[in-house]
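The values are calculated or read from the model by the stated rules, or taken from the named source; none is laboratory data. Being a predicted model, the structure only gives us computed values, none of them experimental. Virtual Cβ from ideal backbone geometry, glycine too; neighbours counted across all protein chains shown.
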Amino acid sequence: MTATTITPAHKIVRHDPWYVRVPLIAFAVLFLGIMVIGPLVNVFTQGFALGVGVVASAMQHPDAVHALKLTLIASVCAVVGNLTFGLAAAWSIARFRFPGKVVLNSLIDLPFSVSPVIAGLIFVLIFGAYGFVGPLVFGETRIDIIFALPGIMLATTFVTVPFIARELIPVMEALGPEEEEAARTLGASAWQMFWRVTLPNIKWGLLYGVLLCNARAIGEFGAVSVVSGKLAGRTDTLPIHIEKLYQGFGAVQTASAFAIAALLCGLALLTLLIKTFLEWKSKQQLCEVAKTEMPMAA
Amino acid sequence: MSILVRNVTKRFNNHLALDRVSLDVPSGLLVALLGPSGCGKTTLLRIIAGLESADEGTVLLHDEDADKLNVRDRNIGFVFQHYALFRHMTVHDNIGFSLKVRGRPRKEIDERVRELLRLIQLEDMAKRYPAQLSGGQRQRVAMARALAARPRVLLLDEPFGALDAKIRKELRDWLRRLHEEIHVTSVFVTHDQEEALELADRIVVMNEGRIEQVGTPEEVYHHPANPFVMKFLGQVNLFHGRMEDGEIVLGPSSPSAQFAATGGGGTGEAAAKQSSVVGYVRPHQLDIARYQNGSPSWPARVARINAAGQQVRIEAVLLGENRPVEVLMSQERYNELALKAGEEVFVKAKEVKIFEAAPLDYTI
C-alpha cells in the first residue's frame, strides 16, 4: 500500500542575524538607561544625599503635607469624574449609533493634544476674575474657582479625561453587545446587566485606565500651575511644591526637593508595577475572548 | 404563546431591512425563518425579541401589544449564534442567571439548573467555565440558559451556524426532540435549507425584507410559490423556452422537446398567448435514457459522474445549448444504465414547474 506522507514544514522562527539584533537591543537599552533610568536613580541618590533625617523633615513639613493632601484630593476627583465620564462615553461609542459619534470619539483625545499650560489657561479664561462666567459664579456662590481647590480639581480632571475612556472603548468594542443582550433577554434590569455582566468583563481595562489616570493626575504640573496661582501652603500641589523647593537656595532645599520627588517616583514605580500586572491580565482576558469566538468540534 | 407580526417595517440608514412583513406563528410550533444573508430574517427575530424596535408595524405576543413590553418583560428565551455565554460565570451560574435576576431562592435555582443539566446531558460540567467547553456543549448550555425561566417563546438566531457539520446534525436532532418534549413556540433563523426542511413545522422563506412563502416543508419544497423559493430550497435546473397555444417548447429547440401543458389554474388568455417561459426542474426529476421513446427529451452528453454518496449525481451537457444540467438518480438506476462519461444520451424531465405572473403549475 502506497501512501504519500506530507511532512509538516519546519517551524518558521524570526531569527534576524546577530548584527541586527545586538545593535537594536543595545540601542534600546542605552536609550532607556540614559533617558529614563539614569535620571530616576539620580533622583533617589540626590534625595538621600544628606541623609534620612533631611528626607524625613522634608516630608513632614506642613507645606509638603498640605501639598500631598491637595494632590490626593485633586487626583481622587479626577479619577471619579473621569470614571463616570469614561464609562458613559465608552458605552455610548461602543454600543450606540448616533450622529456625531466620530466627533465625540475625537474630542475625547483633545486633552492629549492640548498643551497642559493651555489647559490651565482655559479655566482661567472662563472662571477667572475677568473670565466669562467667573464673576457670575463668585457673585452667586462666593466660591473661588481659580487660585483655589476647585480650579485645581477642574484642571486635573481635564488633562486626564482621555485615559479611562481610551482604555474602555476598545475593550467594549471587542467584547461586543451579545452578552449584555443575552442578559436583557434573560430578564436582567439595566443595572443588573451592568453590574453582573458588563463590569466583570471590563474590570481589567477599567483598573488599568484608573491607574493611568491616577498617575497622570498626581504628576500634573503645567495646567495646575496656571490655575492654582502657586500659593504656598494653600494651593500648592506636590509637583509645584517640589519645584519651589528646587528653586530655593541651599543644599537642604535641593535635597528636600529630590526627596519629595523620590516620593513621587516611588509612587510612579508602584503604578508601573501594578500597570504591568493589569496589562498582562487584560491581554490574557482578550485571548480568552478570541478563543471563545472560535468554532470547535464537540 | 402565539406571535403575530403585523406590517413590520425596519430601516437601517437607507437600507430597507424589512418591508411590511406580516406573519402568524401559532402557539407550540417550531418555525424556521429561512433566507439568504441580508434578507431580514435576523432583524425580524430581534424585533420579536425586543432587541430592536420596528419603525412601523406591531408585534403581538399572545395578543398583547409587545411594544409596551421591553426585552426583559417579554418572557422570551434567546439563543445567539455565538452562544453569548457569560464568560466569567460557571455553567451553573450561566444557566441559573435568569432565575437569579428574578430573585428566586437559591434552592429553587439549584434544582432547576440540575434539571436542565440533565436535559442537556452535561451534569458534570456545572462548575466549568464556557472557555473550557466545546462549541456543541456551549450551545447546549446556551439553550438551557434560555429555557431556565420557562419562556413562552424560544428564539434562536442561526443556533448551529458556528458549529461543524456533524455536531450541527446532532444538535438539530436534539432540538427537534426537545421541542417535541417541551412544545414551546419556537422560531429559528437559518440560511441552511436542509436544516429548515428537517427541523421546522413551518418554513417562512424570506428575501430582501419580504416573505416569499410560508408553508410546511412539503409545501415549500414541492409547491414553491415562485422561482426564488424553488431555487433556494434545493438545486434547480433551468430550461428556457416558449409557450404557444398551450404548448410549451423548452430547451434547445428540437421537436422532441415539446410539452403539452396540462393542468395549471391559469386563465385562458394567459395560456393561449405566445410568451417566453422558464421551466424549473429539480435534479431528481430528470432522468437519463439512451433512446427518445416518444416522451419529451433533450440530447446531451454525459460530462461528469459522481457516484459517491446515497445517490448518483450526473452532470450532462445539453447539446445545442452547450449548457450543463444536473441529474440525480438512484444507485440502482445508475447501475441499470451503466453510464460512462462522454456518452451521448437523452435527458428526460418527469416534472417541470413554470412560474408566470399568476403562478401556474404545469405538470408534464
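For the reader, a short list of remarks on this structure follows.
- Residue satisfying all of: in the stretch A:117-150; in a helix (DSSP H, G or I), in contact with a Phe, Trp or Tyr (Cβ under 6 Å, 6 or more places away or on another chain) and modelled with pLDDT of 80 or more; surrounded by the fewest Cβ atoms within 10 Å (Cβ to Cβ) among these: A:Ile126
- Some residue of the stretch B:91-114 being at the interface with chain A (Cβ under 9 Å from one of its Cβ atoms), in a helix (DSSP H, G or I) and touching a strand residue (DSSP E or B) at 6+ places or on another chain (Cβ under 9 Å): yes
- Residue count for the stretch B:6-23, restricted to those that are in contact (Cβ under 8 Å) with a residue 40 or more places away in the chain and either among the hydroxyl-bearing types (Ser, Thr, Tyr) or surrounded by fewer than 14 Cβ atoms within 10 Å (Cβ to Cβ) (or both): 3
- Subset of the stretch B:32-80 (residues that are of a type in the set (S, T, N, Q) and either closer than 19 Å to B:Ile203 by Cβ or at the interface with chain A (Cβ under 9 Å from one of its Cβ atoms) (or both)): B:Ser37, B:Thr42, B:Thr43, B:Asn70, B:Asn75
- Test: residue in the stretch B:123-139 that is closer than 24 Å to B:Leu29 by Cα and either more than 10 Å from chain A (Cβ to nearest Cβ) or of a type in the set (D, E, K, R) (or both): no
- Elements of type helices (runs of 4 or more DSSP H) in the stretch A:169-239, at least 2 residues being within 14 Å of chain B (Cβ to nearest Cβ), within 15 Å of the chain's Cα centre (by Cα) and touching a residue at least 40 places away in the same chain (Cβ under 8 Å): A:199-219
- B:Arg202 among the basic types (Lys, Arg), over 27 Å from B:Asp110 (Cβ atoms) and surrounded by fewer than 20 Cβ atoms within 10 Å (Cβ to Cβ): no
- Exactly one residue out of A:Gly100, A:Gly86, A:Gly128 is of a type outside the set (A, V, I, L, M, F, W, C) and on the phi > 0 side of the Ramachandran plot: that is A:Gly100.
- Number of residues in the stretch B:315-349 that are surrounded by 19 or more Cβ atoms within 10 Å (Cβ to Cβ) and either more than 32 Å from the chain's Cα centre (by Cα) or without any contact (Cβ under 8 Å) to a residue 24 or more places away in the chain (or both): the value is 3.
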